[in-house]
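Below is one structure, written out as structure tokens, with a few remarks after it.
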Amino acid sequence: MNTKLISFVLNGEPVSVRVDPFELFVDVLREKLQLTGTKKGCGEGGCGSCTVLINGEAVNSCLLPAMRVEGTSIQTIEGVEDNGELHPLQTSFIEKGAVQCGFCTPGMIMSAKALLDKNKSPSKEEILEAVSGNICRCTGYVKIEEAIEDAAKTLRKAAVKGESHG
Ligand code: FES
Ligand code: FES
């Protein structure tokens, strides 16, 4: 099989890794790069647990051929905290009880982050739409929606103070 060395930016750091032609990015993350925060649930695009950001857009990494990642900038749940400080989304999910088993949480947070990076005042409908591809079997979506709304509020306050949360 013709493997290929691909290079991209991962959580702000340049990375090169050799991949097989049919290898999926979720497997590269979890098995070759040992970044197991990104979960693999259904493996077929139906649950959102494998969501990562590619150039700021939320994608299911279980459907993403690893070779397509060449030259892009990827963010995973491991890259969401800032210098050891949790992102407001992470804090709000904990404080609002939006985490139970936690399996959906990394993907849920990445979908929410894709939204809040572009829109810091989303409506309830926009929040629910942003996480509509993320399945949670434990919490229901009320606490998740509240947590995202709460994080948006924190981010708006931080923006007024001139703080950044990448
Ligand atoms: Fe990718 Fe379910 S594991 S969508
Ligand atoms: Fe368990 Fe969402 S917290 S699936």
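The values are calculated or read from the model by the stated rules, or taken from the named source; none is laboratory data. The shown structure was predicted, so the numbers you read here are calculated from the model rather than taken from an experiment. With ideal geometry, Cβ positions are generated from the backbone for all residues, glycine too; neighbour counts draw on all protein chains shown. Heads up: the accessible areas ignore ligands, DNA and RNA and are worked out on the full protein's heavy atoms, side chains in. Shrake-Rupley method; radii C 1.70, N 1.55, O 1.52, S 1.80 Å.
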Original post:
Length gain on complete extension for the stretch E126 to E70, per 0.36 nm per residue less the alpha carbon to alpha carbon distance?
Top reply: 17.1 nm
Original post:
Rolling a 1.4 angstrom probe over the protein heavy atoms, how many square angstrom per residue are accessible across region 1-48?
Top reply: 56 Å²
**OP:** Set the Förster distance to 22 Å, then compute FRET efficiency between E13 and E57 from the Cβ-Cβ distance, nearest 0.05.
**Re:** 0.65
**OP:** Pull up all non-local amide H partners of D82: gap of 5 or more, or a different chain, and H-to-H distance under 5 Å with H placed in the peptide plane.
**Re:** H87
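Compare the peptides 39-45, 119-125 by average per-residue count of other Cβ atoms within 10 angstrom and give them in order, highest first. Working shown, then result.
Details: 39-45: 15.3, 119-125: 12.6.
Peptide ranking by packing, descending: 39-45, 119-125.
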Original post:
Carbon and sulfur together cover what percent of the accessible area of the chain at a 1.4 Å probe radius?
Top reply: 50 percent
**OP:** Using only Cα atoms, tell me the angle between helix 142-161 and the longest principal axis of the chain; keep it within 0 to 90° and round to the nearest 10.
**Re:** 80 degrees
Subject >> Virtual paramagnetic centre 7 Å along Cα→Cβ of K153, amide N under 12 Å, in region 85-111 >> reply: 92, 96
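What percent does the relative contact order of the chain come to when contacts are Cα pairs within less than 8 Å and at least six residues apart?
Computed over the chain, the figure is 22 percent.
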Original post:
To the nearest 10 degrees, how steep is helix 105-118 against the longest Cα principal axis of the chain, on a 0 to 90 scale?
Top reply: 70 degrees
**OP:** Could you work out the relative contact order of region 1-95, using alpha carbon pairs under 8 angstrom and six or more residues apart, expressed as a whole percent?
**Re:** 31 percent
**OP:** Can you work out the accessible area per residue across region 122-166, with the rest of the protein chains kept in place, probe 1.4 Å, in square angstrom?
**Re:** 61 Å²
Subject >> Within the chain: Cβ-based charge dipole about Cα centre, in debye rounded to nearest 20 (Lys, Arg +1; Asp, Glu -1) >> reply: 60 debye
**OP:** Could you tell me the distance between the Cα centroids of region 1-38 and region 62-113, to the nearest Å?
**Re:** 17 Å
